[in-house]
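Chemist: Encoded as structure tokens, here's the structure I'll be asking about.
Coordinate-derived values only; no laboratory data. Just so we're clear, the structure is a prediction, and the values are computed from it rather than from any experiment. Glycine gets a Cβ as well: all are built from the backbone with ideal geometry, and neighbour counts include every protein chain shown.
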Amino acid sequence: MIVEIVVVAVWVMLPAYVPNSIAVIGGGGRPIDAGYNFRGERLLGDGKTWRGAIIGAMAGTLLAFLMNGFLPTLTGVGFEIKPFVPSVAFSLGFGSILGDIVASFLKRRTGREQGKPLPVVDQLDFVAGSLICTMVFSYDWAIEVFNFPIVLAVLIISPLLHLGANIVAYSLDLKDEPY
Ligand code: CTP
Ligand code: MG
């Protein structure tokens, strides 16, 4: 029961988990805000680039489609999992990146420089972004899959995985801080 909830929660969120890591690995180049200032601060900052956002979002979306191919294996051992339809695959990939960008915007508005942490928001921005996008673009799919136990599991597991991934990225010198 609890194993199934955890497996389903991680499975449906995987396409939303990879985009930000891929953005760290493949990002760089032109910042999305083009250096634009808003009320004396950068709109987003140099940490949010077009390349990172596009590569990350595409990677998450592509992963969702690839994962559909492995669905029979999971349903075969008794897990009840719905395939990612295209609107969901895109919502998870792009919503995750969008959540991270919105958080960056909020960080700049509250005087936090690029790379400075904002606990809780940093760990859940991509979760909020992907869930909200899925609700907006694929409402029926979202309410069926994201029931209360799944959402609860997602809210507990996501920050832990996020921290784990950042510690790995930090130790590989991909990130400046281990969070
Ligand atoms: N990155 C990118 N494009 C994105 C997201 C991330 O190029 N859309 C790359 C950048 O090199 C960034 C690094 O991944 O510096 C780490 O990402 P993140 O922690 O999300 O950004 P920060 O640099 O901490 O910036 P911010 O404070 O605005 O979140
Ligand atoms: Mg950061």
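Chemist: So how do 166-174, 18-26 stack up, highest first, on mean other-Cβ count within 10 Å?
Modeler: Details: 166-174: 13.3, 18-26: 21.7.
Top of the packing list down: 18-26, 166-174.
Chemist: Using all C-alpha to C-alpha distances in the chain, build P(r) with 10 Å bins and read off the rounded percent in each one.
Modeler: Taking all Cα pairs of the chain, the binned fractions are 10, 37, 35, 15, 3, 0 percent.
Chemist: For the chain, set up a Gaussian network in which alpha carbons nearer than 10 Å are linked by springs, and say which option among Ala153, Ala64, Ala103 fluctuates the most.
Modeler: Most flexible of the set in this elastic network: Ala153.
Chemist: Add -39500 (n - 2.57) for each DSSP H run of 4 or more in the chain, then divide by its residues: what number comes out at 222 nm, to the nearest 500 deg cm²/dmol?
Modeler: Values: 7 runs with 122 residues, N = 179.
-23000 deg cm²/dmol, from helical runs alone.
Chemist: Then there is this: Projected onto the charge dipole of the chain (+1 at Lys/Arg Cβ, -1 at Asp/Glu Cβ, origin at the Cα centre), which of Gly35, Phe84, Asn166 gives the Cα projection farthest towards the positive end?
Modeler: Towards the positive end, the residue furthest out is Gly35.
Chemist: Just how many pairs of Lys in the chain have C-alpha atoms closer than 22 Å, counting pairs that are eight or more places apart or on different chains? Present the calculation step by step, with values, prior to reporting the outcome.
Modeler: Details: Lys48/Lys107; Lys48/Lys116; Lys48/Lys175; Lys107/Lys116; Lys107/Lys175; Lys116/Lys175.
Lysine pair count for the chain: 6.
Chemist: Now a separate question. Kirkwood hydrodynamic radius for the range 126-165: how many Å is it when counted over pairs of different Cα atoms?
Modeler: Values: mean 1/r = 0.0937 Å⁻¹.
For the range 126-165, the Kirkwood estimate is 10.7 Å.
Chemist: Pairs of alpha-carbon atoms within less than 8 angstrom and 6+ residues apart define the contacts here; what relative contact order does the chain have, in percent? All intermediate terms of the calculation are to be shown ahead of the outcome.
Modeler: On the way: 262 pairs, mean separation 43.1, N = 179.
Averaging sequence separation for qualifying contacts and normalising by length gives 24 percent for the chain.
Chemist: Sticking with this one: For the range 79-179, what is the Kirkwood estimate of the hydrodynamic radius, computed as the reciprocal of the mean inverse distance between distinct Cα atoms, to one decimal in Å?
Modeler: On the way: mean 1/r = 0.0681 Å⁻¹.
Taking every pair of different Cα atoms in the range 79-179, averaging 1/r and inverting gives 14.7 Å.
Chemist: Further question: Enumerate the calculated ³J(HN,Hα) couplings along the range 17-22 in order (Karplus 6.51 cos²θ - 1.76 cosθ + 1.60, θ = phi - 60°), each rounded to whole Hz, writing x wherever the residue is Gly or Pro.
Modeler: 7, 6, x, 6, 5, 5
Chemist: Continuing with this model, one more query. If the convex hull of the alpha-carbon atoms of the range 1-89 is projected onto planes in all directions, what is the mean projected area in square nanometres?
Modeler: Details: hull surface 30.0 nm².
That works out to 7.5 nm².
Chemist: What is the spin-label model distance, in nm, from Ile5 to Val85 if the labels are put 7 Å beyond Cα along the C-beta direction?
Modeler: Going from the Ile5 label point to the Val85 one covers 2.7 nm.
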